[in-house]
Amino acid sequence: MKKFRIVSRWVKRRVKTRRARRTHSRASSVRNASGRRSYLTHKELARALITERVIHFNKHYNLPLGKIAIRNQVSRWGSCSKKGNLNFNYKLLFLTAELRDYVIVHEICHVKEFNHGSSFWNLVSEVVPDYHSLNKALRKINARVVVSMDSNLQTNLQSKITQEKL
Ligand SMILES: [Zn+2]
């Protein structure tokens, strides 16, 4: 009887640990699922808005751009490949238009200057003269915590994009 009790206590302890582990992994998968849902919900809106701005700014730069991809990145706002493909974080949608445009111009300029040298910054400043303060402001925003958008803003953006397409 005594032996059984010890065993059952041991079993209970094991079950408790496993349950705790399962709860923990469930919590993180819920977090991932909501992040993925947000990405799927906003991806096309982000693509429409960003593509429109890329075309707009490239009227000035006239650079041979590759494909535009919208990604669900953890901490990067954008990147540019050697082939001139541009990648943007869908969460740019949740930033102010000023910051969003700065990221877009920044990546376009990397097609010509694949570094952060003075000729790169000169190129950026042709369109975004206050790039320095915008870059500073952007560094203070953690992409990990930028997760949602005001639904009014979303409706306004959607109608803005539709109007501009007409
Ligand atoms: Zn850069």
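Throughout, read-outs are computed from the coordinates displayed, never taken from laboratory work. All values derive from a computational prediction rather than experimental measurement. Heads up, the Cβs are rebuilt from the backbone with ideal geometry, glycines too, and the neighbour counts pull from every protein chain shown.
A compact table of results
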| item | result |
| --- | --- |
| Three-way shape call for segment 68-111 based on the alpha-carbon gyration tensor, with the a/c threshold at 1.5 | oblate |
| Inter-label distance, nm, simple model (7 Å from Cα along the C-beta direction), His60/Lys112 | 1.1 |
| Per-peptide average of other Cβ atoms within 10 Å, ordering 63-69, 73-79, 85-91 highest first | 85-91, 73-79, 63-69 |
| Length gained when the stretch Asn135-Thr51 is fully extended (0.36 nm per residue, less Cα-Cα span) | 28.1 nm |
| Relative contact order for segment 51-143, counting Cα pairs under 8 Å that sit 6 or more residues apart, in percent | 27 |
| Estimated inter-spin distance, Lys43 and Asn85, nm [label 7 Å along Cα→Cβ] | 1.5 |
| Ascending count of other beta-carbon atoms within 10 Å, so fewest first, for Arg53, Arg139 | Arg139, Arg53 |
